[in-house]
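One structure is given here, and the rest of the page talks about it.
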Amino acid sequence: MLYLRKTFCYEYALEDARACLVGIPWDSTETGMPVRFGPVFIREAIKALPGFDPGTGTNPFEKLKLTDMGDVETVPGSWKLTREAIEDTINSVLGTNPSVLPVFLGGEHLITLPVVEYLAKLHRGITVVQLDAHRDLMPEWMGNPYSHITWAAHAAGNKNIRLVQLGARSWNKEEEPLISKVGNSIEGIQGPVYLTVDLDVLDPSHAPEVGTPEPGGMEPGELLGIVKIVSGMNLVGMDIVECASQRVGTQTALLAARVFREALAGLKE
Ligand SMILES: [Mn+2]
């Protein structure tokens with residue numbers, strides 16, 4: 001008998017898994033609080049969370065075959081090398097199991113870009129649903145085209161991606177030309193969907209430990225309701241980013257774990 005504890009009670013081989021966790025502890029372009037320990041503290045919150053979801057009457061941690069792949073080896077200071085490591089990792093994960101749902105834990109929001117660019121090549125007509133206080137549509141930041149506040153401009157300009165933003169309440173004048181290219185509703189979404197949850201979409205009273213907190217945000221119930229609806233669509237990947245927790249047991253990491261459980265509970269078989 002082995003008395004060992006992993007992220008999930010039972011872990012399956014990647015080949016057999018319905019969903020897999022992949023951490024991406026990257027925050028070299030973060031302008032606010034450091035977020036590279038997000039995967040550590042969200043994992044600890046997932047372990048501490050009861051698996052049973054009263055809303056659906058199921059325990060997705062038992063019902064679904066899950067596995068935790070660990071963290072991508074990011075290269076501090078080099079987005080080029082980190083991006084290659086992210087792309088190679090997705091390629092390997094989906095090469096092993098094309099039907100697994102990859103769930104990425106950030107890290108800063110820039111990690112979403114290589115993921116959605118990769119998935120857009122696999123899934124025609126993909127919609128990226130971005131829950132975020134900010135639009136991240138800046139054309140560049142201090143001369144750098146690749147940053148946590150520019151990634152969505154690249155996604156919005158990708159002809160294979162339809163971007164939908166919910167919860168945005170703070171943006172710069174330079175972002176406004178791109179806003180007309182972005183949807184603002186999840187009604188009627190057809191086809192494959194990628195969900196990216198920037199935890200700053202929540203009000204800072206509920207999620208204070210984020211890279212760049214922004215007053216006037218969502219209530220947890222509102223966020224979880226949207227996550228449940230989107231997870232019932234044809235979800236092909238998701239991420240939870242910008243968790244700036246620096247210790248176990250913070251309310252932001254606990255809410256991130258709830259977002260994860262809500263998405264799993266809402267998944268189609
Ligand atoms: Mn963001």
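Is there any pair with a first residue in the range 223-240 that is touching a residue at least 24 places away in the same chain (Cβ under 8 Å) and a second that is surrounded by fewer than 20 Cβ atoms within 10 Å (Cβ to Cβ) and in a helix (DSSP H, G or I) whose Cβ atoms are under 7 Å apart and which are 6 or more apart or on different chains, and what are they?
Sorted first by the residue in the range 223-240, then by its partner, the pairs are 224/258.
Based on what the data block shows, is residue 83 touching a Pro at 6+ places or on another chain (Cβ under 7 Å), basic (Lys, Arg) and buried (at least 19 other Cβ atoms within 10 Å of the Cβ)?
Against the criterion (touching a Pro at 6+ places or on another chain (Cβ under 7 Å), basic (Lys, Arg) and buried (at least 19 other Cβ atoms within 10 Å of the Cβ)), residue 83 qualifies.
For the range 172-207, give me each residue that is out of contact with any Leu (no Cβ under 9 Å at 6 or more places or on another chain) and of a type outside the set (D, E, K, R).
180, 188, 189, 190, 191, 204, 205, listed by residue number.
Within the range 207-224, can one find any residue that is surrounded by fewer than 17 Cβ atoms within 10 Å (Cβ to Cβ) and either of a type in the set (D, E, K, R) or in contact with a Phe, Trp or Tyr (Cβ under 9 Å, 6 or more places away or on another chain) (or both)?
yes
Between a first residue in the range 60-75 that is under 14 Å from residue 13 (Cβ atoms) and a second residue that is crowded, with 19+ Cβ neighbours inside 10 Å and aromatic (Phe, Trp, Tyr), which pairs have beta carbons less than 6 Å apart while being 6 or more apart in sequence or on different chains?
66/8
Being closer than 16 Å to residue 77 by Cα and either surrounded by fewer than 19 Cβ atoms within 10 Å (Cβ to Cβ) or among the acidic types (Asp, Glu) (or both) is the filter here; which residues of the range 1-27 pass it?
27
What is the one condition in (1) surrounded by 18 or more Cβ atoms within 10 Å (Cβ to Cβ); (2) over 25 Å from residue 243 (Cα atoms) that residue 136 does not satisfy?
Looking at each condition in turn, residue 136 falls short on (2).
Which of the following residues is over 16 Å from the mean Cα position of the chain (by Cα), part of a strand (DSSP E or B) and surrounded by 13 or more Cβ atoms within 10 Å (Cβ to Cβ): 67, 74, 56?
One residue alone meets the criteria, 67.
If you check every pair at least six apart or on different chains, which have Cβ atoms under 7 Å apart with a residue in the range 143-155 that is under 10 Å from residue 113 (Cα atoms) first and a residue that is in a loop (DSSP other than H, G, I, E, B) and away from the ligand (no atom under 13 Å from the Cβ) second?
From the range 143-155, the pairs are 150/139; 150/140; 153/139.
Which count do you get for residues in the range 99-124 that are away from the ligand (no atom under 16 Å from the Cβ), assigned to a helix (DSSP H, G or I) and among the β-branched types (Val, Ile, Thr)?
0
Going through the range 175-223 one residue at a time, which ones are among the small types (Gly, Ala, Ser), touching a strand residue (DSSP E or B) at 6+ places or on another chain (Cβ under 8 Å) and within 14 Å of the ligand (Cβ to nearest atom)?
Across the range 175-223, the qualifying residue is only 217.
Could you look through the range 142-172, keep only residues that are surrounded by fewer than 17 Cβ atoms within 10 Å (Cβ to Cβ) and part of a strand (DSSP E or B), and pick out the one that is farthest from the ligand (Cβ to nearest atom)?
144
All of the numbers you see were taken from the coordinates with simple rules; none came from a lab. As the structure is a computational prediction, the values presented were derived from the model and not from experiment. Heads up, the Cβs are rebuilt from the backbone with ideal geometry, glycines too, and the neighbour counts pull from every protein chain shown.
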